[in-house]
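See structure below.
The values are calculated or read from the model by the stated rules, or taken from the named source; none is laboratory data. Note that the structure is a prediction, hence the values are computed from the model and not measured. Heads up, the Cβs are rebuilt from the backbone with ideal geometry, glycines too, and the neighbour counts pull from every protein chain shown.
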Amino acid sequence: MQKWKAWLLLIIGTIILTGCQTESPPLDKGLKLETPQEEEIITSSDTETLEVIPPEEIIEVASLPEKKSLEKVIPPKPKWGNAPDFTLDKLEGGVLTLSDLVGKVVILDFWATWCPPCRMEIPGFVELYSKYKGKGVEIIGLSLDRQGESVVRSFAQQHQINYPLVMATPEIVMAYGGVQSIPTTFLIDRQGNIANRHIGFAAKDVFESEINALLAKGSEG
């Protein structure tokens with residue numbers, strides 16, 4: 001009787017123990033379990049408006065053309081010789097720079113309207129200028145009149161002076177050796193060098209002969 005009770009208790013205990021245990025399902029080693037996270041909510045107030053640029057409008061810095069400095073190419077001015085250079089306003093308008101006449105034979109005449117020998121030379125200069133102006137000759141009259149431009153301009157109109165006239169300055173007079181007597185006339189060659197000087201009246205034929213010699217010399221050079 002006691003053995004039966006003992007066996008009965010053993011069987012009941014076994015049933016209780018096996019009935020209360022559950023076998024945990026095997027975990028798939030390839031499955032990773034993650035704890036679900038709370039999604040972050042972004043409201044419109046937390047964001048900035050971004051401008052979308054089309055791909056065709058995007059330009060790489062390297063592809064931009066290099067900005068080149070524009071340089072104006074100015075040919076060098078031909079060398080001017082030993083004749084003192086100057087820039088003066090012409091009575092008829094415009095500006096005259098002596099060194100701009102490089103390549104031409106120049107007659108540079110210091111004169112005045114009140115000077116009789118100066119007035120005697122003028123008709124010859126008018127003829128020479130008409131004849132040689134288009135052949136590489138320039139004549140410039142530098143007036144020493146103290147009464148000013150109006151007197152010289154009126155005189156030029158009366159005597160139909162056709163070559164440029166300017167008003168000489170003390171600096172230019174000194175640069176040409178300090179003109180003591182008038183007329184004083186310089187002949188300048190094509191390279192800007194003083195070729196000859198006349199103090200006092202000289203005839204038109206004398207100037208014409210010297211002009212032709214300087215023109216011929218220049219063409220040979």
Q. When the residues of the range 178-215 are filtered to those that are modelled with pLDDT under 95 and not polar (S, T, N, Q), which remaining residue is farthest from Glu138 (Cα to Cα)?
A. Gly178
Q | Search result, residues across the range 188-212 that are surrounded by fewer than 17 Cβ atoms within 10 Å (Cβ to Cβ) and either part of a strand (DSSP E or B) or within 41 Å of the chain's Cα centre (by Cα) (or both) | A | Asn193, Asn196, Arg197, Ile199, Asn212
